[in-house]
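The values are calculated or read from the model by the stated rules, or taken from the named source; none is laboratory data. In this text the structure is predicted, and so the values were computed from the model without any measurement. Positions of Cβ are backbone-derived with ideal geometry, glycine not excepted, and every protein chain shown enters the neighbour counts. The accessibility values were calculated without ligands, DNA or RNA, using every heavy atom of the protein model including side chains. Shrake-Rupley method; radii C 1.70, N 1.55, O 1.52, S 1.80 Å.
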Amino acid sequence: MKLYERMLPFLRWLPLRRESLRADAIAGATVAMVLIPQSMAYAQLAGLPAYYGLYAAFLPVIIGAMWGSSHQLATGPVALVALLTGSALAQFAAPGTEQFIALAILLALMVGIMELAMGLFRLGAIVNFLSHPVIVGFTNAAAIIIALSQFNKLLGVHSARSDRFLADVWDVLLRAGDTHLPTLAMGLLALAVMLLVRRYQPQWPGVLIAVALTTALSWAIGFERNADAGPADFRDPQVRNVIDSMIGLSARNGVLRQETAAKTGQIDDLVVSSGRGHPRLITLNADLEFLKLELRAVEAEQRVRFAELRRLRFSRVTDDSGNIAYHLAGTAEPGVLTDGRRWTITTLDNNGIRVKGGGEVVGSIPSGIPSPALPRFNWDTLVKLLPTAMIIALIGFMEAISIAKSMATRTKQRIDPNQELVGQGLANVVGSMFQAFPVSGSFSRSAVNLGAGAVSGMSSVVAGAIVLVTLLLFTPALYHLPQAALAAIIMLAVFNLVNFPALLHAWKAHRHDGIAAVVTFLATLSFAPHLDTGILIGATLAIVLYLYRTMRPRVAVLGRHPDGTLRDAQLFGLPTSERLIAIRFDGSLFFANVPYFEDVILDQAAKHPQARYILIVGDSINELDASGEEMIRHLARRLQENDVTMVFSGLKRQVLGIMEKTGLYAIIGTQNFFRTEDMALEAISQWLHDPAFDEKFFPLQAPTQDGDKPETGK
């Protein structure tokens, strides 16, 4: 049974009792009320159509619970992973396009395979390479970026994504005068409803209530107003020129894609028939690269031109014959009546021009679930996405395992990090086959799940089943859901991620941790939307600072304290001996700090030319590598040539074992190793033949005074 439980962890839920099943059903239904609107919001945060969030909220939720170790962890779309996905993929494709969607699905597969491999090979400890201060700095910056990324949707102002996120935000602020007031009202209404419910009725599903209310209101007032138009309907000549160029670029894009596909097919056929050594492959590959370069240039030009069009605002005029004309806002002829709306261009392709005169809504959602299929990929794409997949796998798992461990302190459940990796990995792998983007554990939904009384992972199965019913039956009801309401959901959800006191706490704990946290925070903000750059800088800095600390560990020259112990002579103002140097080294001896250790010993020997013995108190030396052993060997010989003997006390078994294997123990001499510092001092005092030595500097039994209390610290 234990073997089956390792392969099928959900067997631990059995037997299902009526009481626990009822509790899980209630908890699952409660989580689903939050999961459905949240998943749609996070899909848009990732740059995908909203309904892809529902795909990620179905099977990944169920699989993550069935193969994970936590009974209450709620897997699914989360803000941080969604932001990482969207920011990374925006470098390779325009958000919302077919190429972008395909990359997001492939990224989920790569993340899942990495997490699954780490779990199967029991490499859960690898997440420790991302220190807590780095995660704190990254999370705070990411929360701010997430909130600011939704600002344009809250205002109803279009914002094109670029490589400078803060510049994009500033551009939105500069165009705050173009705010679509009905859109802003919808967003503020959703925000107010969620805050009021949280304040006065926290047990109610505030997110679902806000979604239901704004969706019904959007339908009732005709919040969305769309229309079709042609190039001739726009009266401004410059606008028509841009539209004509866009149509030409779109046609050229299609031709280039066909030529690229044909050239790729020729290369594949030639490789199959003649192998990779055929000389014609050089020409074909060169032609293919030129086609790809031109295609990227055309797509970049399309994005720039379309961003120009999206910024423009138009007034619509209908003449007596029913003909419609669009004038740039403020340029209509005096006395001509407009419909009073502000119109913008939303799409422009071979099928025509789509204009919008109202607010943004979710729109049509395909009913049902997508057919299972493996994501399409090639090796070039895999290489490009590999760093992002690794970062998302680490960040996503850290988020999931920290949530699971936090809940386990209340439920007394044992959490297995490696099994949780398997669960998260399978959730992403299976999800990718059903068009889901990367997922992880959600803090907010896990808290709801636990608070609603979930007993086992069956609650997540219930939540996933409700999402399935929604996909099959209720997607038309979500058509009129305002985008501003989804933006409000995201902004409120990430509010709890902002934790500036944690940055201050890291600074108080250790200055280096504080530096790593602050640098990660600033780097993530500065390099946004390339969030992977920010976290890589923070992680690298944390490792460098750690190595710096280990290169210069604490070293104390010791003196005899009145309480009889050896303490830091400088810290406690204790006398030292000219005939004996006692040094405590608080760190392992390895290649990084070997030069520092040697410099300290030689420096003390130079300051005390009369000293004949150097006592190394080695209680804190936990490790000795080859570099450390070689340094001690040469240092001992160098000191012996100057009539100075190295003596060791308190060395651990593993350190002595290395010295014995390499012969260093014999070179230094068995008589120079002692179990305790007092035994070493007693022997040294006898070797020195100096009656005044013990009494003046290192008395073997220090006199104690009545009422004296030993001080803490050494």
- Which ones in the range 89-139 are of a type in the set (D, E, K, R) and touching a helix residue (DSSP H, G or I) at 6+ places or on another chain (Cβ under 9 Å)? 115, 122
- Message: Name the residue that is nearest to the chain's Cα centre (by Cα), counting only residues in the range 354-382 that are hydrophobic (A, V, I, L, M, F, W, C) and under 25 Å from residue 314 (Cα atoms).
- Response: 362
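Condition check ((1) touching a residue at least 12 places away in the same chain (Cβ under 8 Å); (2) touching a Lys or Arg at 6+ places or on another chain (Cβ under 6 Å); (3) among the basic types (Lys, Arg)) across all residues:
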{"position": "276", "(1), (2), (3)": "no, no, yes"}
{"position": "285", "(1), (2), (3)": "yes, no, no"}
{"position": "290", "(1), (2), (3)": "no, no, no"}
{"position": "300", "(1), (2), (3)": "no, no, no"}
{"position": "306", "(1), (2), (3)": "yes, no, no"}
{"position": "310", "(1), (2), (3)": "yes, no, yes"}
{"position": "313", "(1), (2), (3)": "yes, yes, yes"}
- Only one of these conditions is not met by residue 362: (1) among the aliphatic types (A, V, I, L, M); (2) over 26 Å from residue 211 (Cβ atoms); (3) open to solvent by less than 30 Å² (accessible area, probe 1.4 Å); (4) at pLDDT 85 or above. Which number is it? (2)
- How about the range 127-159: which of its residues are farther than 22 Å from residue 488 by Cβ and either in a helix (DSSP H, G or I) or open to solvent by 30 Å² or more (accessible area, probe 1.4 Å) (or both)? 127, 128, 129, 131, 132, 133, 134, 135, 136, 137, 138
- Query: Among the residues of the range 367-388, is there at least one that is open to solvent by less than 70 Å² (accessible area, probe 1.4 Å) and closer than 28 Å to residue 223 by Cα?
  - Reply: yes
- List pairs: first in the range 194-207 and under 15 Å from residue 493 (Cα atoms) and open to solvent by less than 80 Å² (accessible area, probe 1.4 Å), second at pLDDT below 90 and not in a helix (DSSP H, G or I), Cβ under 7 Å, 6+ apart or cross-chain? 197/204
- Please indicate, with yes or no, whether at least one residue in the range 392-413 is at pLDDT 90 or above and more than 13 Å from the chain's Cα centre (by Cα). no
- Query: Which residue out of 315, 321 is among the small types (Gly, Ala, Ser), more than 33 Å from the chain's Cα centre (by Cα) and modelled with pLDDT of 85 or more?
  - Reply: 315
- Examine the range 638-645 for a residue that is under 15 Å from residue 585 (Cβ atoms) and not β-branched (Val, Ile, Thr), and state whether such a residue exists. no
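Based on what the data block shows, is residue 613 free of Cβ contacts under 8 Å to residues at least 24 places away in the same chain, touching a Phe, Trp or Tyr at 6+ places or on another chain (Cβ under 8 Å) and either closer than 23 Å to residue 548 by Cα or of a type in the set (Ser, Thr, Tyr) (or both)?
So residue 613 fails the test.
From 239, 207, grab the single residue that is assigned to a helix (DSSP H, G or I) and either touching a helix residue (DSSP H, G or I) at 6+ places or on another chain (Cβ under 7 Å) or under 24 Å from residue 477 (Cβ atoms) (or both).
207
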- Query: Of the residues that make up the range 439-449, is at least one of a type in the set (A, V, I, L, M), free of Cβ contacts under 8 Å to residues at least 60 places away in the same chain and either within 24 Å of residue 367 (Cα to Cα) or in a helix (DSSP H, G or I) (or both)?
  - Reply: yes
- residue 619 passes all but one of (1) open to solvent by 30 Å² or more (accessible area, probe 1.4 Å); (2) in a helix (DSSP H, G or I); (3) in contact with a Gly (Cβ under 9 Å, 6 or more places away or on another chain); which number fails? (2)
- Query: Yes or no: residue 75 at negative phi and in a helix (DSSP H, G or I)?
  - Reply: no
- Task: State whether the residues of the range 24-43 include one that is touching a residue at least 12 places away in the same chain (Cβ under 8 Å) and not in a helix (DSSP H, G or I).
- Result: no
- Note on the structure: residue 588: passes all of (1) of a type outside the set (Lys, Arg); (2) modelled with pLDDT of 90 or more; (3) out of contact with any Phe, Trp or Tyr (no Cβ under 6 Å at 6 or more places or on another chain) but (2)
- Task: Return yes or no: is residue 489 among the β-branched types (Val, Ile, Thr) and within 30 Å of residue 180 (Cα to Cα)?
- Result: yes
- Hits in the range 266-298 - residues which are closer than 30 Å to residue 348 by Cα and either open to solvent by 30 Å² or more (accessible area, probe 1.4 Å) or outside any helix (DSSP H, G or I) (or both): 287, 289, 290, 292, 293, 294, 296, 297
- Please indicate, with yes or no, whether at least one residue in the range 463-472 is open to solvent by 50 Å² or more (accessible area, probe 1.4 Å), closer than 30 Å to residue 193 by Cα and free of Cβ contacts under 8 Å to residues at least 12 places away in the same chain. yes
- Message: Restricting to the range 301-341, and then to whatever is closer than 18 Å to residue 231 by Cα and among the charged types (D, E, K, R), can you tell me which residue is surrounded by the fewest Cβ atoms within 10 Å (Cβ to Cβ)?
- Response: 319
- Given (1) part of a helix (DSSP H, G or I); (2) over 14 Å from residue 471 (Cα atoms), index of the condition residue 16 fails: (1)
- Looking at residue 601, is it at pLDDT 90 or above and farther than 24 Å from residue 626 by Cβ? no
